[in-house]
Amino acid sequence: MAFDSIIPAWLRNRSPEPEAGKRAEDTAGSANGASPNGSVEPVEATTSPPPDHDTPPPREGVLSAEAELRARREEIVRMEERALRDLESARTRMREADRRSELAAEREKQLDQAEGEIEAARQAQLMELESISGLSRAQAKKILLKQVEEEAAHQAGLTVRRIEEEARLDAERRARGILAAAMQRLASSQSIESNTYTINLPNEEMKGRIIGKDGRNIRALENLTGIDVIIDETPETVVISSFDGVRREVGRLTLERLISDGRIHPAACEAAYEEALAEVDDVMFKAAESALLDARVTGLHPELVRLLGRLRFRTSYSQNVLSHLVECSNLAALMAAELGASVEVARRAALLHDIGKAVSHDVEGTHAEVGARLARRYDEVEAITHAIEAHHNEIEPVTVEAVIVQTADALSGARPGARGDSLEQYVTRLSDLEEIAQRQDGVRKVFAMQAGREIRVMVDPGQVDDDATALISHEIAAAIEREMEYPGQIRITVIRELRSTRIAR
């Protein structure tokens with residue numbers, strides 16, 4: 001590269017005798033009418049006198065010319081220094097550019113070499129894979145394509161299954177809407193029935209009268225009524241117990257009559273028992289009539305009315321059976337109206353679906369079979385007898401009303417407060433729910449809430465991501481459905497919370 005081209009031409013061609021050149025320039029300038037400070041003044045050729053070469057220049061002009069010459073020399077020196085610095089900087093940049101070019105060439109060479117090594121390693125790996133698997137590239141490609149096709153078919157199957165599941169969920173949502181509308185329109189009582197009854201005594205002396213000499217009074221009372229009379233240290237209190245509600249009510253009335261009369265002996269027990277039995281029959285008949293009025297059912301056979309009244313003192317998981325039948329009848333009527341089915345058939349079948357529980361144990365068969373036989377005996381239509389017989393799926397339901405009776409029965413038994421469980425069963429169910437949820441990986445804590453109808457699961461956010469929470473809830477729900485029996489439904493909520501805390505000091 002020609003570095004001299006950077007130096008200005010006037011600097012390269014500078015005269016070695018600047019003073020002579022300056023004087024020559026000054027002379028030329030004077031001849032052309034220029035002033036010492038370089039300005040050009042107009043010259044009038046006609047009026048200016050001819051120059052006088054013999055007269056020396058004035059002293060002030062010489063001093064100003066020398067000062068200007070020195071200023072120009074200093075400026076030239078500064079320009080030379082600046083040019084030298086620019087030249088050195090240009091050389092430095094060229095050296096740096098050359099060095100970078102060499103580095104780039106070296107890196108390119110290394111990259112080409114690395115690419116060659118990678119390609120060789122890939123070929124060697126392919127050959128090794130072919131030798132290990134015993135397959136050529138074409139065969140491996142064919143197997144891979146087959147796997148892709150199978151995976152695509154699997155994904156298509158999952159899509160079809162998802163569509164079917166969405167359709168099922170939509171149907172369930174609509175069904176829940178109908179059930180919710182029916183339940184919200186019906187107000188029902190909570191479960192308060194019990195297998196024992198407590199009777200208050202006027203004084204402690206009455207306990208001795210009830211027991212009698214050598215226990216003859218209490219034995220006579222228990223033999224007549226079929227109940228257990230429990231007398232303990234509780235002051236002025238006697239407890240009667242029986243699983244048969246009718247016997248328990250008869251025993252209660254008998255004992256209350258004896259306590260009111262004050263004369264307690266075996267003969268008085270028999271008389272009080274006969275009166276209590278007649279009174280209980282009247283109570284059952286009135287209860288049956290009240291149930292028919294509440295359920296809006298008419299034209300029932302008198303024997304069915306009598307059997308229906310016996311259910312006034314029958315319980316199922318502490319739920320009164322007669323109240324359960326009335327509740328089912330109203331629920332079935334509401335659902336039948338929503339679905340466009342026969343309201344009268346659904347109402348009547350739901351009221352009679354547990355009528356088989358009113359007969360004694362000497363009748364063979366389940367209560368659904370016995371109830372259907374009783375309904376046929378007393379001239380109920382086939383649609384009603386079929387719904388009674390199919391309400392526990394002992395036979396396949398073939399009518400809409402039969403399915404409605406099944407649903408009403410399940411709703412009445414599963415609603416909150418309908419049935420009572422023992423404390424031991426309650427605690428066992430909660431512990432089983434928590435144990436099933438604790439099996440999953442990443443679960444920190446499990447809380448069973450709302451009497452076991454909801455589970456909240458706290459997971460470790462560092463071990464479980466957002467996608468895994470849905471899988472955990474699905475697996476817990478599947479395990480609960482597989483291993484436990486419970487009324488209604490259980491909600492599983494998986495909570496993943498990530499907190500980051502720092503302290504600014």
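In summary, the aspartates and glutamates within cross-link reach of Lys109, defined as a Cα separation below 16 angstrom excluding same-chain residues under 8 places away, comprise Glu117, Glu119. In a solvent-free Debye calculation with one equal scatterer on each Cα, what is log10 I(q)/I(0) for the stretch 315-414 at q = 0.22, 0.23 Å⁻¹, listed in the order of the q values? Once normalised to I(0) and log-transformed, intensities are -1.10, -1.20. For the stretch 423-495, evaluate the Debye formula with one uniform point scatterer on each Cα (no solvent term) and list log10 I(q)/I(0) at q = 0.12, 0.14, 0.19, 0.24 Å⁻¹, rounded to two decimals. Taken in order of the listed q values, log10 I(q)/I(0) reads -0.29, -0.39, -0.70, -1.07.
Of the GluC sites (Glu not before Pro) found in the stretch 228-282, those that fall in a DSSP loop while having at most 16 other beta-carbon atoms within 10 Å are Glu233, Glu236.
Counting only aspartates and glutamates at least 8 places from Lys146 when in the same chain, those with an alpha carbon closer than 19 Å to its own are Glu130. Each residue of the stretch 458-470 was assigned a 3J(HN,Hα) from its phi angle through the Karplus expression (A = 6.51, B = -1.76, C = 1.60, θ = phi - 60°), giving 9, 10, 7, x, x, 9, 10, 8, 5, 5, 6, 5, 5 Hz with x at Gly and Pro. Of the peptides 217-228, 438-449, the order by per-residue mean of other Cβ atoms within 10 Å, starting with the highest, comes out as 217-228, 438-449. Listed by chain and number, the lysines whose C-alpha is less than 27 Å from the C-alpha of Lys286, apart from same-chain residues fewer than 8 away, are Lys357. With θ taken as phi - 60° and the Karplus curve 6.51 cos²θ - 1.76 cosθ + 1.60 applied, the whole-hertz 3J(HN,Hα) list for the stretch 351-359 is 5, 9, 5, 10, 5, x, 6, 7, 8 Hz, x standing for glycine and proline. Working from Cα pairs under 8 Å separated by at least six residues, relative contact order for the stretch 315-414 is 28 percent. Sites listed here are trypsin sites (Lys or Arg not before Pro) in the stretch 264-336 whose DSSP assignment is loop and whose Cβ has at most 16 other Cβ atoms within 10 Å: Arg296.
Taking each residue as 0.36 nm, the span from Arg306 to Glu274 lengthens on full extension beyond its C-alpha to C-alpha distance by 9.7 nm. Quick note on the stretch 231-280: its Rg to Rh ratio, both from C-alpha atoms and Rh being the Kirkwood radius, is 0.98.
Residues whose amide H comes within less than 5 Å of that of Ser318, counting only those at least five positions distant or on another chain, are Gly420 (H built at 1.01 Å from N in the peptide plane). Across the stretch 379-396, computed HN-Hα scalar couplings (Karplus, 6.51 cos²θ - 1.76 cosθ + 1.60, θ = phi - 60°) run 6, 7, 5, 5, 4, 6, 4, 5, 5, 5, 6, 9, 6, 10, 6, 5, 10, 6 Hz from first to last residue, x flagging Gly and Pro. Per-residue Cβ neighbour counts within 10 Å put Thr428, Thr501, Thr385 in the sequence Thr501, Thr428, Thr385, beginning with the fewest. The order of the peptides 453-463, 65-75, 329-339, 140-150 by mean Cβ neighbours within 10 Å, most packed first, is 329-339, 453-463, 65-75, 140-150. The value of relative contact order for the stretch 423-495, using C-alpha pairs under 8 Å at least six residues apart, is 32 percent. In this label model, Ser500 and Met449 are separated by 2.8 nm, measuring between points 7 Å along each Cα→Cβ vector. Taking amide hydrogens as placed 1.01 Å from N in the peptide plane, the amide H of Ile492 sits under 5 Å from those of Ile455, each at least 5 positions away in sequence or on another chain. Summing Cβ point charges (Lys, Arg +1; Asp, Glu -1) relative to the Cα centre of the stretch 315-414 gives a dipole of roughly 200 debye.
Near Arg296, no amide H atom lies under 5 Å from its own; only residues 5 or more places off or on other chains count, and H is placed 1.01 Å from N.
Read the figures in this text as sums done on the coordinates, not as results from a lab. If you're wondering where the values come from, they're calculated on a predicted model, not measured in any experiment. Because the Cβ atoms are built from the backbone with ideal geometry, glycine has one as well, and the counts that use them run over all protein chains shown.
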